[in-house]
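This report concerns only the one structure given below.
The values are calculated or read from the model by the stated rules, or taken from the named source; none is laboratory data. Keep in mind the model is a prediction, meaning the values are calculated, not measured. Neighbour counts are summed over all protein chains in view; Cβ atoms, including those assigned to glycine, are modelled from backbone coordinates with ideal geometry. Ligands, DNA and RNA are stripped out before the accessible areas are found, and what is left, the full protein with its side chains, is counted by its heavy atoms. Shrake-Rupley method; radii C 1.70, N 1.55, O 1.52, S 1.80 Å.
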Amino acid sequence: MSTKNWPLWEIFVRSKNGLEHRHCGSLHAADSEMALENARDVYTRRNEGVSIWVVESKHITASNPENNGELFEPAQDKVYRHPTFYDLPDDVKHM
Amino acid sequence: MSEEQIRSLERQFDEKIARDEKIEPKDWMPEKYRQTHIRQMSQHAHSEIVGMLPEGNWITRAPSLRRKVALLAKVQDEAGHGLYLYSATETLGISREEMYEQLHTGKAKYSSIFNYPTLTWADMGAIGWLVDGAAIINQVPLCNTSYGPYARAMIRVCKEESFHQRQGFEIMLKLANGTPEQKEMAQDALNRWWWPSLMMLGPTDDKSVHTEQSMKWKLKRKTNDELRQQFIDQTVPQADILGLTIPDPDLKWNEERQSYDFGEINWDEFWQVVKGHGPMNKERMKARVGAWERGEWVRDAAMAHAEKKQARKEKQAV
């Protein structure tokens, strides 16, 4: 039995310059260099990427879905944050 | 949590799935949903990994460079698909080591099709055409399944899978149009892989224990019998193009149903193989467990090296 298991890494891939890195999955690797090498083989076998980020999963802090109400609901009734909230006559152009 | 609270959470959960909303790892889910997904997803991952073995057997003996690069790429994809699925399963709270342990001790199953031997080069054709064909029919509906990480993994898998089937069909086509011996080899492979491929789509609906619940959770969109009929209806015309004969004397077009009628499947054989008595069950597990055990010192060395490098970096920083 192995003494220590390889940690888990989250993989983010930029598909082309101009676009953001997107999370595409995770994998196990002994360190960040190996995570990069494995990510190349696992997630970019068909030209899916031009850049890879790897982050050890334990360093990610995620919000708890149980708190979704207090976190995200306050934004729902703030219609004044959207341009359509404001009444303007039809003949106003370029606005 | 009181029983009433749980029932209310379950009701909300079912409604969410009915609305086609996805379930994500940190969302509340019934324990049975978690366990069923761990079982199905890990078995799916195991099947991808064990599925490399029958084909790996032929890489060094591929008849041309074109065939060799294609087979290598296909086997590498299967490793990738296994890894997507293992990491998706880990989001449900089971570790990779636990999953390997379940596979290696026989607690977890993998697709019984991989317990048949690959005797000739034509088997590479038949596997791509029939086994991957049946797998695609099984997998496409899973791109819409309710568990987000599984659905996302399946989208990647399905995108990559279609070349697998096409390369298999191309192998069959070449052999079927080759010398009489080559055509006979293709026919022999079809004869051996046809029935196991039909079994791959699972027991008949009246014997399938998980269907109803799985349909509700969108782990399944069609029943096993529906999928099997779909597979047969789309594969028979492909066999005609190859000029090969499907080894079923009862296979007949049914005008009224607009589908093929087909003969009795030998379910005794299926259950025998599932229970571990197929021609290659022992061999496959020996190869898997052996690879895991022989790789242990490499995994340990990589970890020790990573720790040493990290320690050196920290020392320099001080």
Query raised in the report: Among the numbered criteria (1) within 11 Å of chain B (Cβ to nearest Cβ); (2) open to solvent by less than 30 Å² (accessible area, probe 1.4 Å); (3) in a helix (DSSP H, G or I), which single criterion is violated by A:ASN68?
Result: (2)
Requested in this report: Could you check how many residues of segment B:86-106 are part of a loop (DSSP other than H, G, I, E, B) and in contact with a Gly (Cβ under 8 Å, 6 or more places away or on another chain)?
Outcome: 1
Query raised in the report: outside any helix (DSSP H, G or I), open to solvent by 50 Å² or more (accessible area, probe 1.4 Å) and within 19 Å of B:VAL209 (Cα to Cα), is that true of B:LYS275?
Result: no
Query - Residue ID - most open to solvent (accessible area, probe 1.4 Å), chosen from residues in segment B:278-311 that are at the interface with chain A (Cβ under 9 Å from one of its Cβ atoms) and of a type in the set (Lys, Arg) - result: B:LYS309
Report summary line: Restricted to segment B:50-77 and to residues being more than 18 Å from B:PRO117 (Cβ to Cβ) and within 14 Å of chain A (Cβ to nearest Cβ), the residue surrounded by the fewest Cβ atoms within 10 Å (Cβ to Cβ) is B:VAL69
Requested in this report: Quickly run through segment B:1-47 and pick out the residues that are open to solvent by 20 Å² or more (accessible area, probe 1.4 Å), within 14 Å of another protein chain (Cβ to nearest Cβ) and outside any loop (DSSP other than H, G, I, E, B).
Outcome: B:GLN5, B:LEU9, B:GLN12, B:LYS16
Report task. Mind counting the residues in segment A:43-56 that are surrounded by fewer than 19 Cβ atoms within 10 Å (Cβ to Cβ), facing chain B (nearest Cβ under 10 Å) and closer than 24 Å to B:SER95 by Cα? Result -> 0
Query raised in the report: How many residues does segment A:8-42 hold that are facing another protein chain (nearest Cβ under 9 Å) and part of a loop (DSSP other than H, G, I, E, B)?
Result: 3
Query raised in the report: Is it the case that B:LEU244 is at pLDDT 95 or above and not in a helix (DSSP H, G or I)?
Result: yes
Query raised in the report: Has segment A:72-79 got any residue that is within 13 Å of chain B (Cβ to nearest Cβ) and small (Gly, Ala, Ser)?
Result: no
Query raised in the report: All but one of (1) within 14 Å of chain A (Cβ to nearest Cβ); (2) open to solvent by less than 70 Å² (accessible area, probe 1.4 Å) hold for B:GLU314; which doesn't?
Result: (2)
Report task. Quick one: which helices (runs of 4 or more DSSP H) lie wholly within segment B:107-190 and hold at least 1 residues that are hydrophobic (A, V, I, L, M, F, W, C) and open to solvent by 30 Å² or more (accessible area, probe 1.4 Å)? Result -> B:132-139, B:148-176
Query raised in the report: If you go through segment A:71-86 one residue at a time, do you hit one that is part of a helix (DSSP H, G or I), surrounded by 10 or more Cβ atoms within 10 Å (Cβ to Cβ) and touching a residue at least 24 places away in the same chain (Cβ under 8 Å)?
Result: no
Query raised in the report: Is it the case that segment B:266-286 has a residue that's more than 29 Å from B:GLU97 (Cα to Cα) and in contact with a Phe, Trp or Tyr (Cβ under 7 Å, 6 or more places away or on another chain)?
Result: yes
Query raised in the report: Of all residues in segment B:78-96, which are within 7 Å of chain A (Cβ to nearest Cβ) and either open to solvent by 40 Å² or more (accessible area, probe 1.4 Å) or under 16 Å from the mean Cα position of the chain (by Cα) (or both)?
Result: B:GLY80, B:LEU83, B:TYR84, B:SER87
